[in-house]
Amino acid sequence: MPELPEVETVRRGLERLVIGSPIAAVAVLAPASLRGDPASLIGRRFVRAWRRGKVLGLDLDDGRCLVAHLKMTGQMVFRGPRAAGPRAAGPRAVGPPAGGAEAWGAGHPNDSLIGSLPDNSTRVIVEFAGGARLYFNDQRKFGWLALMPQSQVTAIPLLAKMGPEPLDAGAWPAARERLRRRRRSPIKAALLDQSVVAGIGNIYADEALWASRVHPATPVASVTDRKLKELLTAAAAVMELSLSLGGSTDRNYVDAEGRRGAYLDFAKVFRRQGQPCPRCGQPIIKIRVAGRGTHLCPRCQRWRPNGIGGKGDKGGRRDKSARLETPPRR
Ligand SMILES: [Zn+2]
């Protein structure tokens, strides 16, 4: 599932490629994938691409917004001449000149990022004046696009409840408060809850817990503030690293030859079960926590339900709820 860095990578691509060009045609191949009247998009232009957690938005020049959620398998792919927007014009422009061909894609990493389109995962096609096309592909069909007034966007329940952005410097006080409300939850479940912190999914939760040496099943009540802050900082750091490597885009997705894409090269534990922990050499294991496949180092992330992050990890407060938790098997 695309997580914050992947969705931000999509946003940056859209910002670069689709802003400013008039929309010439819209084809909806799966009606459930787009809520709203596609014909109302014709003649309009996108003026801004934004992201909140894993939710994307393309603001239109008529006060509406095309909101997008990639869910499990969504991706955006751009093919054709570059947009003739302000970025492509003028002497300071960088990259290929306006009118040059462009192929770009990001989101769920599969062959549709690099193959010929439309294919059987294509749900919506937006065509711009000049012939460039934006494809919304979504194999599993859980993703969606929705047209709505910009003034209503923040009232979408998903966005209204969403926790702070982990990449914002000021995220800690709100994140702390929301984490503390989930005292009985395993820490990993709390990190995955979008109303606690925005944008963290399975990959970045596992990586942040490993970096902070916290067992993923530890109840939140047993983790000190110091350790919670360390976790949040670690999540932001690994997201920044992934973003700097380009997230999961066509550029580091290579599968036609059977080679794994570079998009998970930064990972220390995710999908590395059986490989040595980069810190201590103990083999990484995979267990289930909060219903999700979870990767951890059994030596660096020992099971300590009665307190973690205190002085020598012995100062953590004892909590009745912690004793209800049992160590995960396997
Ligand atoms: Zn280790």
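The values are calculated or read from the model by the stated rules, or taken from the named source; none is laboratory data. For clarity, every value in this text was computed on a predicted model and none was experimentally measured. Heads up, the Cβs are rebuilt from the backbone with ideal geometry, glycines too, and the neighbour counts pull from every protein chain shown. Quick note on the areas: whole protein, heavy atoms, side chains included, nothing else; ligands and nucleic acids left out. Shrake-Rupley method; radii C 1.70, N 1.55, O 1.52, S 1.80 Å.
Do you know which residues across the range 187-213 are of a type in the set (A, V, I, L, M, F, W, C) and closer than 15 Å to I287 by Cα? Write out each step before concluding.
From the range 187-213, those of a type in the set (A, V, I, L, M, F, W, C) are 187, 189-192, 196-198, 200, 203, 205, 208-211; that's our starting set.
If the condition is that a residue be of a type in the set (A, V, I, L, M, F, W, C) and closer than 15 Å to I287 by Cα, then I187, A189, I203, A205, L209, W210 are the ones that fit.
Among the residues of the range 16-45, write down those that are modelled with pLDDT of 95 or more and in a helix (DSSP H, G or I).
Matches in the range 16-45: P31, A32, S33, P38, A39, S40, L41.
In the range 276-287, how many residues are touching a strand residue (DSSP E or B) at 6+ places or on another chain (Cβ under 8 Å) and either modelled with pLDDT under 95 or open to solvent by less than 80 Å² (accessible area, probe 1.4 Å) (or both)? Spell out the reasoning first.
Looking only at the range 276-287, we keep the residues that are touching a strand residue (DSSP E or B) at 6+ places or on another chain (Cβ under 8 Å), and these are 276-277, 282-287.
Then drop every residue that is not either modelled with pLDDT under 95 or open to solvent by less than 80 Å² (accessible area, probe 1.4 Å) (or both), which leaves 277, 282-285, 287.
Final tally of qualifying residues: 6.
Select, from R52, R12, R48, R64, the only residue that is touching a Gly at 6+ places or on another chain (Cβ under 9 Å) and at pLDDT below 95. First the steps, then the outcome.
Values: R52 fails: at pLDDT below 95; R48 fails: at pLDDT below 95; R64 fails: at pLDDT below 95.
Answer to the selection: R12.
For the range 125-142, how many residues meet the condition of being farther than 13 Å from T73 by Cα and in contact with a Lys or Arg (Cβ under 6 Å, 6 or more places away or on another chain)? It would help to see each step written out before you state the result.
Here is the first cut: in the range 125-142, the ones farther than 13 Å from T73 by Cα are 125-135.
With in contact with a Lys or Arg (Cβ under 6 Å, 6 or more places away or on another chain) added as a condition, the list becomes 125, 127, 133.
Adding up the residues that qualify gives 3.
Given the structure, is R317 modelled with pLDDT under 95 and within 24 Å of Q75 (Cα to Cα)? Outline the logic, then answer.
Numbers: modelled with pLDDT under 95: yes; within 24 Å of Q75 (Cα to Cα): no.
Taking the combined requirement at face value, the residue does not satisfy it.
Please give the helices (runs of 4 or more DSSP H) falling wholly within the range 168-231 in which 1 or more residues are away from the ligand (no atom under 16 Å from the Cβ), open to solvent by 50 Å² or more (accessible area, probe 1.4 Å) and in contact with a helix residue (DSSP H, G or I) (Cβ under 9 Å, 6 or more places away or on another chain).
Working: elements: 172-180, 187-192, 202-212.
The helices (runs of 4 or more DSSP H) meeting that bar are 172-180.
For the range 118-146, enumerate the residues that are closer than 18 Å to A101 by Cα, assigned to a loop (DSSP other than H, G, I, E, B) and either open to solvent by less than 30 Å² (accessible area, probe 1.4 Å) or hydroxyl-bearing (S, T, Y) (or both).
Within the range 118-146, A132 is the sole residue that qualifies.
Take the range 290-305 and flag every residue that is buried (at least 17 other Cβ atoms within 10 Å of the Cβ) and modelled with pLDDT under 95. Reasoning before the result, please.
To start, the set of residues in the range 290-305 that are buried (at least 17 other Cβ atoms within 10 Å of the Cβ) comprises 290, 294-297, 300-301, 304-305.
Selection gives A290, R304, P305.
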